[in-house]
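Heads up: the structure comes next, in structure tokens.
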Amino acid sequence: MFKSFAKPQSSSGVLTFIRGKRISATNPATERIVQQLSVLAAGRKQPKLLNLSNEDIVKHRTIMSAWKLFTRKKKRAEQEQLNQQYESICNAMNDLKETSPALFELASHKEKRLRFPLEMRFPTEYPPNRPWVYNFTGPVKKRK
Amino acid sequence: MLRRVVARGSKEFRRSNSTSSQKVWSNFSKRSPSLKLSNEAINNNLFGKSTDGPGSMISHSRRAAYHSPNEIDSTFAMAYEILEQKAEDLYNQVEKLEQQLAQTKDEESIKQLKDQIDTLLIRAEIQNPEVMYNSSFNDPDSLDKTQPVYRKALEQKWKKYDLMVTMQRLEQLHVIPDTLPTLEPKCDVKIRFGHNSDSEFSHWIVPGEMLPTIAVSQPPTIKIQEFERVDGKNLYSVLLVNPDTPDLPANSFSTTLHYALANVPLDNVDNTIDPSKLLTKGEEYTLADFEPLVPEKNTPTQRACLWVFRQTKPLDIKPVARKHFDIRTFVQEQGLIPVGAHVWRQGFDRSVNQVREMYGLGKGRVFHRVRGIEPLPQ
């Protein structure tokens, strides 16, 4: 009934839109599947409803609530650890401030303009997708 | 099938094996036996003690054709252990609070402690598979209402459907604010007219239903289900009013009282006002005898509004004038707290004259089909 829009054709690098031109599926196998699906009613294409017995519904709910409890406990422990780490950072910095103010200045110095240096990475559980950046050049230092 | 048997053989989960150190959900020495799943077949399937398929399926062929999800039993066993551990911690907290409760004398703090214990008990039991099965698949009338967890489950169910229907009908039919300004629903109010032999009218009435006069000619059975804990007994009163009685001098409508009960002691379990109670103690409770609505010919549909109140003090049982009944003043004077309501509707039908005769109300009037304009309604 409705013609699908023609894809932009790029010949010699220039995009041209052809409005109203019907495109056939390139692959005949795909075309057949599309045709088969088009004659099926929408209800038939839905995944089948899980028909659980009453006992299994109760078991399922129990499993889900136990899993929720388990993950909640784990998250809470992680958060607790992070809090402790942050607190110990604060303590160390306070100590440093008292013992050596010069070092404290250096340690807590905020570099302006320079945001998210590549060499600094947030600690994660897994290595990054690109482990090594080959064409990396360090931050440009201004001449004094 | 083979797969199932093999899987069960190795990782079979037997709760009853751990009798030496009985855990909290299988220990019924302190907990009520109503928290148990009484059906043996279902219980066996739930805890993996039998291989004949789900006991809730009665048909043998359906049971044979049914396949549980893979590994559900072993996963369930692990989940059960985790949740039971949590319940055990909660029960330990309850024990501490109970020791505190035994030492306190102040009434206010006793109530607070009891509330805390109830919330802990709900949290400890609501994830118990047996309790979950009972509250979701068993008959709600058979649940033990002394248990806070079952009351909680019933309340959730009520809020999901029945409460919404009731409030919708009360607002659409303008029971609110034609009789009382508003309602903060606290308990489930259900009514049925038990004298009906016709199955069409003997069920629990859905709020707002149109009923023939003969079907409501006897006093209804009223079920008032409280979800909060009731210590001892609360006193309740019930008023049935009709705000659509024709008032000819004013060319308007007035409110009439059709039924009034007061000082009815009820609690979580004993929650119905039924004919047997009224036969034995009816005189103590009745302010105004039941008189059904008898709409006259050509009057608009009339609403029978039933209000349920919690009492702050016992009422004096003395006769109340039925005509031009001012429900708002009455409620304010007697210190009644509206906690639930119900409504049904009636129109003129062929059983009206028979019911009028039964109650000695004389012959009804016949109005003109078109309402006049003299005097102009205010």
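The values are calculated or read from the model by the stated rules, or taken from the named source; none is laboratory data. All of these numbers come straight from a predicted model, not from anything done at the bench. Quick reminder, even Gly has a Cβ in these numbers, built from the backbone with ideal geometry, and neighbours come from all protein chains shown. In case anyone asks, the SASA skips ligands and DNA or RNA and just uses the protein heavy atoms, side chains included. Shrake-Rupley method; radii C 1.70, N 1.55, O 1.52, S 1.80 Å.
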Given the criteria of a type in the set (S, T, N, Q), open to solvent by less than 80 Å² (accessible area, probe 1.4 Å), away from chain A (no Cβ under 14 Å) and more than 20 Å from the chain's Cα centre (by Cα), does B:T179 qualify? yes
Is it fair to say B:L306 is part of a strand (DSSP E or B), open to solvent by less than 30 Å² (accessible area, probe 1.4 Å), more than 23 Å from B:R356 (Cβ to Cβ) and not hydroxyl-bearing (S, T, Y)? no
Hey, can you tell me all the residues within segment B:247-262 that are at pLDDT below 95 and not hydrophobic (A, V, I, L, M, F, W, C)? B:D247, B:P249, B:N251, B:S252
Going through segment B:55-73 in order, the residues found to be more than 29 Å from A:F70 (Cα to Cα) and open to solvent by less than 30 Å² (accessible area, probe 1.4 Å) are B:G55, B:M57, B:Y66
Residue that is on the phi < 0 side of the Ramachandran plot, open to solvent by less than 100 Å² (accessible area, probe 1.4 Å) and among the charged types (D, E, K, R), where the choices are A:E78, A:E125, A:E98: A:E78
I'm trying to understand the selection: among the residues of segment B:30-42, which are within 30 Å of B:E98 (Cα to Cα), polar (S, T, N, Q) and either assigned to a loop (DSSP other than H, G, I, E, B) or open to solvent by less than 30 Å² (accessible area, probe 1.4 Å) (or both)? B:S32, B:S38
Given the condition touching a Leu at 6+ places or on another chain (Cβ under 9 Å) and within 14 Å of chain B (Cβ to nearest Cβ), answer yes or no: does some residue in segment A:66-84 qualify? yes
For segment B:161-175, how many residues are part of a helix (DSSP H, G or I) and out of contact with any strand residue (DSSP E or B) (no Cβ under 8 Å at 6 or more places or on another chain)? 6
Kindly provide the set of residues from segment B:91-141 that are over 23 Å from B:D231 (Cα atoms) and not hydroxyl-bearing (S, T, Y), ordered by number. B:N92, B:Q127, B:N128, B:P129, B:E130, B:V131, B:M132, B:N134, B:F137, B:N138, B:D139
For segment B:63-76, give me the residue count where each residue is at the interface with chain A (Cβ under 9 Å from one of its Cβ atoms) and without any contact (Cβ under 8 Å) to a residue 24 or more places away in the chain. 5
Taking the condition of being open to solvent by 20 Å² or more (accessible area, probe 1.4 Å) and of a type in the set (A, V, I, L, M, F, W, C), how many residues in segment B:133-148 meet it? 1
Hey, can you tell me all the residues within segment B:43-54 that are open to solvent by 20 Å² or more (accessible area, probe 1.4 Å) and within 10 Å of another protein chain (Cβ to nearest Cβ)? B:N44
Residues in segment B:77-113 that are within 14 Å of another protein chain (Cβ to nearest Cβ) and in contact with a Leu (Cβ under 8 Å, 6 or more places away or on another chain): how many? 4
Among residues of segment B:216-246, those that are more than 17 Å from the chain's Cα centre (by Cα) and in contact (Cβ under 8 Å) with a residue 40 or more places away in the chain, counted: 13
Some residue of segment B:316-327 being more than 20 Å from B:V238 (Cα to Cα) and assigned to a loop (DSSP other than H, G, I, E, B): no
Do we have A:K112 as open to solvent by 100 Å² or more (accessible area, probe 1.4 Å), among the charged types (D, E, K, R) and without any contact (Cβ under 8 Å) to a residue 40 or more places away in the chain here? yes
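Which is of a type in the set (S, T, N, Q), open to solvent by 100 Å² or more (accessible area, probe 1.4 Å) and more than 14 Å from chain B (Cβ to nearest Cβ), of A:N51, A:N91, A:N135?
None of the others qualify; the one that does is A:N135.
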Of everything in segment B:315-331, what is open to solvent by 90 Å² or more (accessible area, probe 1.4 Å) and either among the aliphatic types (A, V, I, L, M) or within 28 Å of the chain's Cα centre (by Cα) (or both)? Give them in sequence order. B:D316, B:R328
Give just the number: which of (1) away from every other protein chain (no Cβ under 14 Å); (2) within 30 Å of B:H67 (Cβ to Cβ); (3) among the basic types (K, R) does A:R61 not satisfy? (1)
Looking at segment B:153-165, is at least one residue among the β-branched types (V, I, T) and either crowded, with 20+ Cβ neighbours inside 10 Å or modelled with pLDDT under 95 (or both)? no
Given the conditions (1) within 30 Å of A:L52 (Cα to Cα); (2) open to solvent by 30 Å² or more (accessible area, probe 1.4 Å); (3) not charged (D, E, K, R), report the number of the one that B:F76 does not fulfil. (2)
Among the candidates B:L113, B:L90, B:L170, B:L101, residue that is surrounded by 13 or more Cβ atoms within 10 Å (Cβ to Cβ), at negative phi and in contact with a Gly (Cβ under 9 Å, 6 or more places away or on another chain): B:L170
Members of segment B:122-160 found to be acidic (D, E) and in a helix (DSSP H, G or I), listed by number: B:E125, B:E130, B:D141, B:E155
Scan B:Q168, B:Q127 and give me the residue that is away from chain A (no Cβ under 14 Å) and more than 13 Å from the chain's Cα centre (by Cα). B:Q168
